[in-house]
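Here the structure is laid out as structure tokens; the discussion comes afterwards.
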Amino acid sequence: MNKKMMLLGLAVAAVFAHPAAAWATEAHVTGITTFTGTGGTASTQATGEPEFSAIETHITGTFDSGSSTTGAIALDFTEVKAHFLGFTTECHTAGQVAGTVTTSGTFHIITTSTNTPGILLTPVTTTSICANALRTEVKGSVIGTITSPECGNSSNELTVSFASTGTTQTDLEYTGIKYDLVGNTETSAGATTGSPFTTGLKASMTFSSSTAGTLSCT
């Protein structure tokens, strides 16, 4: 998957020890309407598929009018590369230069299954083109944990961590539904090279605003 892919997929579908407490209220952010952001190295991993990496991520977002939980987001990944069987090649999305993958979609501030504040990203289906031969399509949603600020505190920056072990995302569940990033690879001629696969995302992103926002978790 490519940079875009790195921004997609979330799931929830398990029984937790205290689901009522975890999902009784949504986390939300008040005091800001728009934000920008950056992220360092990001990567995705899928069994039997290329591993994708990006050097940097640029983010813009806007909360829906009157909302403190949902809005629109756009991500721009730079220096995106696919690594497979000892080979490395640059990837891009249609209309972008080599190494640039862009995607957009929606975000939702949530309380995760572990009763911590988080964010659910749902990008549009994103196709990365690598070496003008293989195309990897990624769709779905992905959950990240808000690591800063702490609940009840205010800050001009909000940090989110997307963690995974191999292809398995650390946070997968929300309100009884399982969210994940799912990919599919095909040749430039449109022939599918295998079955759909689950992708794990590792990335850290910081959202910044000119005004301080307050993270509330109750």
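The values are calculated or read from the model by the stated rules, or taken from the named source; none is laboratory data. If you're wondering where the values come from, they're calculated on a predicted model, not measured in any experiment. Using ideal geometry, Cβ is built from the backbone for each residue, glycine included, and neighbour counts are taken over all protein chains shown.
In region 58-89, what residues are at pLDDT 95 or above, within 15 Å of Val138 (Cβ to Cβ) and not in a loop (DSSP other than H, G, I, E, B)?
Of everything in region 58-89, those that are at pLDDT 95 or above, within 15 Å of Val138 (Cβ to Cβ) and not in a loop (DSSP other than H, G, I, E, B) turn out to be Leu75, Phe77.
So, in region 99-138, how many residues would count as being at pLDDT below 95 and aliphatic (A, V, I, L, M)?
Residues that pass the stated criteria total 5.
For the structure I just gave you, tell me whether Asn132 is in contact (Cβ under 8 Å) with a residue 40 or more places away in the chain and farther than 20 Å from Ser53 by Cβ.
No: the conditions fail for Asn132.
To keep it simple, each residue is scored yes or no on (1) of a type in the set (A, V, I, L, M, F, W, C); (2) touching a helix residue (DSSP H, G or I) at 6+ places or on another chain (Cβ under 7 Å); (3) touching a residue at least 12 places away in the same chain (Cβ under 8 Å).
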residue	(1), (2), (3)
Thr44	no, yes, yes
Gly48	no, no, yes
Ala54	yes, yes, yes
Phe63	yes, no, yes
Thr69	no, no, yes
Val80	yes, no, yes
Thr102	no, no, yes
Leu120	yes, no, yes
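Suppose we keep only residues that are polar (S, T, N, Q) and closer than 23 Å to Thr206 by Cβ within region 97-114. Which one would you say is surrounded by the fewest Cβ atoms within 10 Å (Cβ to Cβ)? Give the steps one after another, and end with the answer.
So in region 97-114, the residues polar (S, T, N, Q) come out as 100, 102-104, 106, 111-114.
Right, trim to closer than 23 Å to Thr206 by Cβ and you get 100, 102-104, 106, 111-112, 114.
Numbers: Thr100: 20, Thr102: 22, Thr103: 25, Ser104: 16, Thr106: 16, Thr111: 22, Thr112: 25, Thr114: 14.
Out of the qualifying residues, it is Thr114.
Exactly one condition in (1) in contact (Cβ under 8 Å) with a residue 40 or more places away in the chain; (2) part of a loop (DSSP other than H, G, I, E, B) is false for Ser195; which is it?
(1)
Among the residues that make up region 5-27, is at least one of them touching a Gly at 6+ places or on another chain (Cβ under 8 Å) and either of a type in the set (Ser, Thr, Tyr) or modelled with pLDDT of 85 or more (or both)?
Within region 5-27, one or more residues are touching a Gly at 6+ places or on another chain (Cβ under 8 Å) and either of a type in the set (Ser, Thr, Tyr) or modelled with pLDDT of 85 or more (or both).
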